[in-house]
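Peer 1: This is the structure I want to talk about, given as structure tokens.
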Amino acid sequence: MYGTQHSEFPSECREAEYERRIKLAYPIHPELFDRLYNDWSTLDKFQRTRGVLRLMAAVIHSLWERQDGNLLIMPATIPIDDPAVQFELTRYLDDQWTPVIAKDVDGEHSLPLRLDRDAPNLGRYSACRRVARTIYVGSAPTQRAANRGIDDRQVKLGCVQPGETVATFGDAIRRLTDRATYLYVDGSRYWYSTQPTVTRLAEDRANQLHEHDVMDEIVRRLRDEARSRGDFHRVHACLSSSDIPDEHEARLVVLGPEHPHSKGQADSAARKEAQAILDSRGSSPRSYKNTLVFLAGDASRLKDLQTAIRQFLAWKSIWDEREQLNLDPFQSKQADTKRKNADDTVNVRIPEAYQWLLVPNQPDPKGSPEWTETRLQGSDSLALRASKKLKSEEMLLVQMGGVRLRLELDRVPLWRGNDVLVKQLVEDFATYLYLPRLRDSDVLIAAIREGITLLTWQSETFAYAQSKDADGRYLGLVGGGSAAVQSEGGSIVVKPDVAAEQQRRDAEAAKAKAGNGSATVAESERTGEQGQAAGAETTRGADTDTPPPPAPTYRRFHGSVQLDSLRVGRDASRIADEVIQHLSKYIGANVEVTLEIRAEMPDGATEKTIRDVTENCRTLRFDSFGFEEE
């Protein structure tokens, strides 16, 4: 064991000499003798030979009475709860050690015993109890020494026996340091002291925190998480239905900790809140239901998160008040370490708690809406995990081909006669739960753009027109080619057979017109032959004297446009595709784009708005920004 897992134990344990020592000292582990002869013998009243013999006699007698079945007598197997053994271990120390042992080391009501009972994986080995005994034996006589305590490898050396899992004892060490009143830790060294640590103060403060303070901290962290959007247009954390916009883009709604969910629970607080938000925005019915998905916390995991939040807030308050509490340098360092560890624990438990993705859907267009619950896994941000899962299940599309769009047009169907307005399709996909959920209207526009360029558009996709006149004729009709597709105005997706028929009629009309034009030209040539000859001579002379002017070279472009404040992303994307892209393709081109924002709020901005906008502007590295009173 010491050879195969050498990183878990002191380096000398892997040597052949240590194996020889184990054989010579059997059935007592050499680590116990080292602690007694090197540490306990430094006490004034402890006799090096007689003291060791008295202690070992009491230990062996107690173990024999208990019919102890351990392979060796180790620091971890010393029955400190036995009065005779405890007397030998405290008679040379100060009287204050008795309550320390009873509370944090060994005894019927001791903390290690409670921890072992609460965790079956620890109780299987009595791991916490054995760790506490080992630390006590290795640190009690040296609490006033410059190099106090024993390191974690020595703790494991005094505890672990062959066939046992080393990691279990590492977990026991961590749990003890989180809860013990008299156990100190500095890096990897541990020791008991008769003076209580700030751990007790932190535990008291954690228990005294108000519920709303804990909930507020969870909400604050969830809103910080909402800055990462994944593939969603926006992420809204812990907001009321009136604060969640009713627009075309896909949004993730993170429900507050007061709305937990449990597997298969149709009437959970999360399901009720999600349904209320899906049905309405404030007091008005919600139109675009197919844009929302919800993320809720697991009922049991939220309790663990709240416990971690309490620990963090308690240690943070101690760290913030370290001067008022008159903490010494070691206690200040301990408070800082505990605060950071508690913060890391909270960051781990947030994704563990928020694991339920609640997705509204309607498999049958004629049926009733349903809810799909999906458990999320992984350690990515909430939005990234949710969007990855939704994309893998095709419950959120960030890309859609023209063929897939044609299937949806025919399946429902979405056609309004022989065509359908593009802006109507945008409305349909955002409204109806039986349609695929699109990230935004750009996904639909890209699908239309791809569909009209296919050579097989007549059989597999559709055509596109800029508008339709009063006679029902499509203007700017494109099929099998490219076009600048728009979602606003009268732009239309046209059934392929209807578009092909118009293209056939247009071609026939053009052919007929070309034939009539040829006859007219022939007649003109016969009647005006002489005049053309004379004019040609004059023209040749003029061409010789005056060459045509060169075509102008345009080296600069400028343009400005007002964007819809509610659809800035959509408009900016179109401008980038249809204007900026063409200007940037030239070698050496220098294209500069500046976004200028002016906003007037007659009633004034709230402090929250000012804080959020200012923080976001700093994050986005605005060159200049600010609020004004006038």
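Peer 1: What are the GluC sites (Glu not before Pro) within segment 375-432 that DSSP puts in a loop, where the Cβ has at most 12 other Cβ atoms within 10 Å?
Peer 2: Loop-located and lightly packed - Glu393, Glu394.
Peer 1: Using Cα-Cα distances under 8 Å and only pairs 6 or more residues apart, what relative contact order does the chain have, in percent?
Peer 2: 7
Peer 1: So what's Rg/Rh here for segment 568-619, counting alpha carbon atoms and using the Kirkwood radius for Rh?
Peer 2: The Rg/Rh ratio comes out at 1.16.
Peer 1: Which of Leu55, Leu435 comes first, and how do the rest follow, when ranked by fewest Cβ neighbours within 10 Å?
Peer 2: Numbers: Leu55 23, Leu435 19.
Lowest count first: Leu435, Leu55.
Peer 1: If you don't mind, there's one more thing I want to ask. When DSSP beta bridges are limited to those with both residues in the chain, what percentage is antiparallel, rounded to the nearest 5?
Peer 2: Antiparallel: roughly 70 percent of the beta bridges in the chain.
Peer 1: Same structure again: How high is the relative contact order of segment 6-195, in percent, with contacts defined as C-alpha pairs under 8 Å that are six or more residues apart?
Peer 2: Relative contact order comes out at 21 percent.
Peer 1: To the nearest 500 deg cm²/dmol, what mean residue ellipticity at 222 nm is calculated for the chain from DSSP H runs of n ≥ 4 alone, each contributing -39,500 (n - 2.57), summed and divided by the residues?
Peer 2: Working: 25 runs with 299 residues, N = 630.
Rounded to the nearest 500, the figure is -14500 deg cm²/dmol.
Peer 1: From the phi angles alone, apply the Karplus equation (6.51, -1.76, 1.60; θ = phi - 60°) to segment 293-304 and give each ³J(HN,Hα) in whole Hz, x where the residue is Gly or Pro.
Peer 2: Each residue's phi maps through the Karplus curve to give 10, 10, 10, 10, x, 6, 4, 6, 5, 5, 5, 5 Hz.
Peer 1: Sticking with this one: With a sphere of radius 10 Å drawn around the Cβ of Arg175, what net charge do the other residues whose Cβ falls strictly inside it have (Lys, Arg +1; Asp, Glu -1)?
Peer 2: -2
Peer 1: Now, a different point. Net charge around Asn418, counting only other residues with Cβ within less than 11 Å of its Cβ (Lys, Arg = +1; Asp, Glu = -1)?
Peer 2: 0
Peer 1: Compute the distribution of all C-alpha to C-alpha distances in the chain, in bins of 10 Å from 0, and list the percent of pairs in each, rounded to whole numbers.
Peer 2: 3, 11, 15, 15, 13, 11, 10, 8, 6, 3, 2, 1, 1, 0, 0
Each value in this text was obtained by applying a stated rule to the coordinates, not by laboratory testing. Small disclaimer: the values here were computed from a predicted structure and weren't measured. Using ideal geometry, Cβ is built from the backbone for each residue, glycine included, and neighbour counts are taken over all protein chains shown.
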